[in-house]
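The values are calculated or read from the model by the stated rules, or taken from the named source; none is laboratory data. Predicted model, so just to flag it, every value in this text is computed and none were measured. Counting neighbours? That spans all protein chains shown, and the Cβs are built from the backbone with ideal geometry, glycine included. Just the protein is used for accessible areas: all its heavy atoms, side chains included, with ligands, DNA and RNA removed. Shrake-Rupley method; radii C 1.70, N 1.55, O 1.52, S 1.80 Å.
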Amino acid sequence: MSRPSDAELQQLDAIAVDLKETFEERGHRVALAMAADDAFTSGNSRSALMRDLAIDAVTLSASRNGLPFRQVLGGGHELLGRQHTYRLRKARHDATGFVITASNESGLVSEEEPSLFPMEKWVLGWVPDDLGSVAEVFTAAVLGIEEGRPGRLVLGSAIALGTRDPISGGFTPTDEGLDFDDEPEVGTADDIGA
């Protein structure tokens, strides 16, 4: 497995920042939608709404950051890099690290037909928090699957994304010691010839 290029990691990092910001700005709407009807209080509704919001955020950000984003068989979505694909997947933590559930039939672990330019399979994982925001975003190589009900992906070392301060890099104010005590007097209408 090869590590993504620095340029591609910068693109992924920008997408991760946008994903986090989208949940900060619009994540509260998930709770509003669930409160609309008692039938929506299942964990399935919350998960589906959060997934849709994540897909929308990544779709918009991917087009701005130059990585194609497509839907794949089985309803999954992935970013296309030069040598890697990054499947968007929700993750959680346990004692061993990041957990992403998957079945043996998942396209992430099934064998592909030989290709002239084989693509390495990676994930773009996002971990929601209890407040409806995104706590972490990472990418990691998919090494295989651990059998179980459900099974879980075996991941390589995770690379944290979206950890930079989204405000940094822009305007930086300077303290020039400006003194505003000596404000000039404002003239009257007679002074300007009115």
> For the range 1-95, with the dipole built from +1 on Lys and Arg beta-carbon atoms and -1 on Asp and Glu ones, taken about the Cα centre, which of GLY75, LEU32, ASN65 lies farthest toward the positive end?
Replying inline: GLY75
> On average, how much accessible surface per residue is there in the range 53-108, in Å², for a 1.4 Å probe, leaving out ligands, DNA and RNA?
Replying inline: 52 Å²
> In nm, what is the difference between 0.36 nm times the number of residues separating THR59 and THR163 and their Cα-Cα distance?
Replying inline: 35.4 nm
> How much net charge surrounds PHE98 when only other residues with a Cβ under 9 Å from its Cβ are counted (Lys, Arg +1; Asp, Glu -1)?
Replying inline: -1
> Considering only protein heavy atoms and a 1.4 Å probe, what is the carbon-and-sulfur percentage of the accessible area of the range 1-85?
Replying inline: 50 percent
>> How much length would be gained if the chain were fully extended between MET1 and LEU32, taking 0.36 nm per residue of separation minus their Cα-Cα distance, in nm to one decimal?
In response: 6.9 nm
